[in-house]
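Written out below as structure tokens is the structure these notes cover.
The values are calculated or read from the model by the stated rules, or taken from the named source; none is laboratory data. Keep in mind that this is a model prediction, so the values were computed, not measured. Cβ placement follows ideal geometry from the backbone for every residue including glycine, while neighbour counts extend to all protein chains displayed. Accessible surface areas use protein heavy atoms only, side chains included; no ligands, DNA or RNA. Shrake-Rupley method; radii C 1.70, N 1.55, O 1.52, S 1.80 Å.
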Number of protein chains: 2
Amino acid sequence: MKKKFVIVGLGLIGGSMAMALKGFEGFTIVGVDLSQPTLRFAREHGVGDEVTEDAALAVKGADVVMLCLHPQGILDFLETYKNAFKPGCLVTDVCGIKSAVMEKAGCLPPSVDFIGCHPMAGTEFSGVEHAFAEMFQGSHLILTPRAESTPEHVSLMEQLAEYIGCRDVVKTTPAQHDAILAYTSQMMHIIAVSVCDDENLFTCKGYEGSSFRGCTRVAALDVGLWTQLFSLNAPALTACLDTLLENLKTYRDAVAAGDRELLSSKLAFSAARKREMDLPGPDLLT
Amino acid sequence: MKKKFVIVGLGLIGGSMAMALKGFEGFTIVGVDLSQPTLRFAREHGVGDEVTEDAALAVKGADVVMLCLHPQGILDFLETYKNAFKPGCLVTDVCGIKSAVMEKAGCLPPSVDFIGCHPMAGTEFSGVEHAFAEMFQGSHLILTPRAESTPEHVSLMEQLAEYIGCRDVVKTTPAQHDAILAYTSQMMHIIAVSVCDDENLFTCKGYEGSSFRGCTRVAALDVGLWTQLFSLNAPALTACLDTLLENLKTYRDAVAAGDRELLSSKLAFSAARKREMDLPGPDLLT
């Protein structure tokens, strides 16, 4: 009998994962969702080899279960189904916060492994109709394995990363992950929505360049998802925002003071940092 | 004799303009620069039909002069050459601030027209070696004509916009331009450099997604250029930054308070604004 890879939640990420994983290691890819329109769309577009609304049944026969729900949904799912996984099963997720998820995964029996996973990919859209198999190509995949995770399971996740086209695999601790993600991802979303709160937003049509589009693209976010992500990582995010507010204020004061020399030396410092950072990754706009 | 279109300053924008304007309305495109390596590169790569370091001579025979220097360079050039333009000449520029430039253009004799111009295009690079003819495709071109600018000159600028592939032409006043650009462009650069001043910048490698790249892309900026742009538009930019600081602080406090309901309603408000804005333009990243 073929091994089963169950993806719980066929939204943007779960749907894309189901498409990207087609044919992976001989697994049958089983998609689980409660929404009938989502299941119908998935069936009609071949998102996953099989789809079902019966999470209990799917989990029971699963060799790997990947939870692609919103953060709170993942916590709730683990609580509800903690005794339904078969021994030796690997449970993983795609959540943008890891401490809360890894902590909750402590409720699983010792025979069930859990490896936290966060593919650094996404768009400003949501729902299976925006899913696409190439979603993860060129992106980082972050893993937070347990100390007791089996080498076979860690290796399977690494193979998965390669199969879906990730650029690399980064292993870290949940706390480290959450501190850094507060900076690289959550804060970018807070900046984007804050910029859009300016009363000039609608009068600036015709005046936006690529820097404005690049900064604000993610402002049209999934409200439920990001409320949970921000709330479940509030201390780290607050600390990042305090640093940003301070750095912005320093620039604001240099501009207001009309001190060209100060401004120039500050800009030289920051621009050099960015050049040194020399982020890899696909170019945004020329 | 062929009409002459003189481009003063063959940097990223001037070089791209010289390439994009090749063949425009039968003009001979003449590039002016003081840097020998730039002139050599331009000659070898056909940037402009002719190139020269003799600004005085080029200006004397010009029907159109487009100033593609840094802001302070434009102000200085107008002062130095104000009596060198031939009667009926159209002078224009590509500067990201318009009030200071239009004010300075008041020094030109009445027989010389001036139309402020700002193509909303650019990259994080500088220099003629990064110039490319497609630079302006799909971008906005902003014009600030004088009340007394001739219809023929305004029309020529509109034809130019179409020729180089701009999406549209927006006409406005210098003050309105500068207020909006402080928001859509200058503030984006202040945000980008401020984010890069965070001490976590270098430890976050492997954790950046497209939102981080989109927000920080422009941080590797041309220090001299942006020092001038910020300084010459300090009041408008300071006002924008004060609004941003306030909006960010409100989000920061909602996150810190752990008030999910408040956070959710704020995010719903901002995301809806972004969706309503529904910015046109090329997609950044999927």
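Residue by residue along B:220-228, Cβ atoms of other protein chains within 10 Å of the local Cβ number 6 on average. Near A:G138, the amide H atoms lying under 5 Å from its own belong to A:C166, A:R167; only residues 5 or more places off or on other chains count, and H is placed 1.01 Å from N. Residue by residue along A:124-136, Cβ atoms of other protein chains within 10 Å of the local Cβ number 1 on average. This model, with +1 at the C-beta of Lys and Arg and -1 at the C-beta of Asp and Glu, gives chain A a dipole about its Cα centre of some 200 debye.
Of all beta bridges that DSSP places with both ends in chain A, some 20 percent have antiparallel geometry.
Quick one: net charge of B:L221's neighbours, Cβ under 13 Å, K/R +1, D/E -1? Here the charged neighbours net out to +3. Each other copy places its own label point for A:G61 at 8.3 nm from this one, sorted shortest first, where the point lies 7 Å along the Cα-to-beta carbon line.
Here the protein assembly as shown is assigned +1 on the Cβ of each Lys and Arg and -1 on the Cβ of each Asp and Glu. Its dipole about the Cα centre then comes out at about 200 debye. Extension gain for the segment A:D168 to A:L34, taken as residue separation times 0.36 nm less the Cα-Cα distance, is 45.0 nm to one decimal. DSSP finds beta bridges in the protein assembly as shown, and of those with both partners inside it, around 20 percent are antiparallel.
Closest approach of any chain A Cβ to the axis that rotates A onto B belongs to A:G214, 2, distance given in whole Å. Taking all Cα pairs closer than 8 Å and separated by 6 or more residues, the relative contact order of chain A comes to 16 percent. Highest mean packing first, where packing is the average number of other Cβ atoms within 10 Å per residue, the peptides A:221-232, B:233-244, B:91-102 line up as B:91-102, A:221-232, B:233-244. Considering only GluC sites (Glu not before Pro) in DSSP loops that have at most 11 other Cβ atoms within 10 Å, the longest stretch of chain A without any of them is A:1-147.
Seen from a random direction on average, the alpha-carbon convex hull of the stretch A:122-163 projects onto 3.9 square nanometres.
In nanometres and ascending order, the distances from the A:M1 label point to those of the other copies are 9.1 (point 7 Å from Cα along Cα→Cβ). Label points for A:G106 are taken 7 Å from Cα along Cα→Cβ. From this copy to the others they lie 7.1 nm apart, shortest first. Simple spin-label estimate for A:A175 and A:E276 gives 2.7 nm between the two label positions (7 Å along the Cα-to-Cβ direction from each Cα). In chain A, helical runs assigned H by DSSP with n ≥ 4 each contribute -39500 (n - 2.57); averaged across all residues and rounded to the nearest 500, the mean residue ellipticity at 222 nm is -14000 deg cm²/dmol. Among the residues of B:171-181, the average count of other protein chain beta-carbon atoms within 10 Å of the residue beta-carbon is 2. Heavy atoms of chains B and A lose about 9200 Å² of accessible surface on contact, summed over both sides with a 1.4 Å probe.
For the stretch B:127-169, the solvent-accessible area works out to 45 Å² per residue, with a probe of 1.4 Å and every protein chain left in place. Rounded to 0.05, the FRET efficiency of the B:E25 and B:F202 pair, given R0 = 35 Å and the Cβ-Cβ distance, is 0.10.
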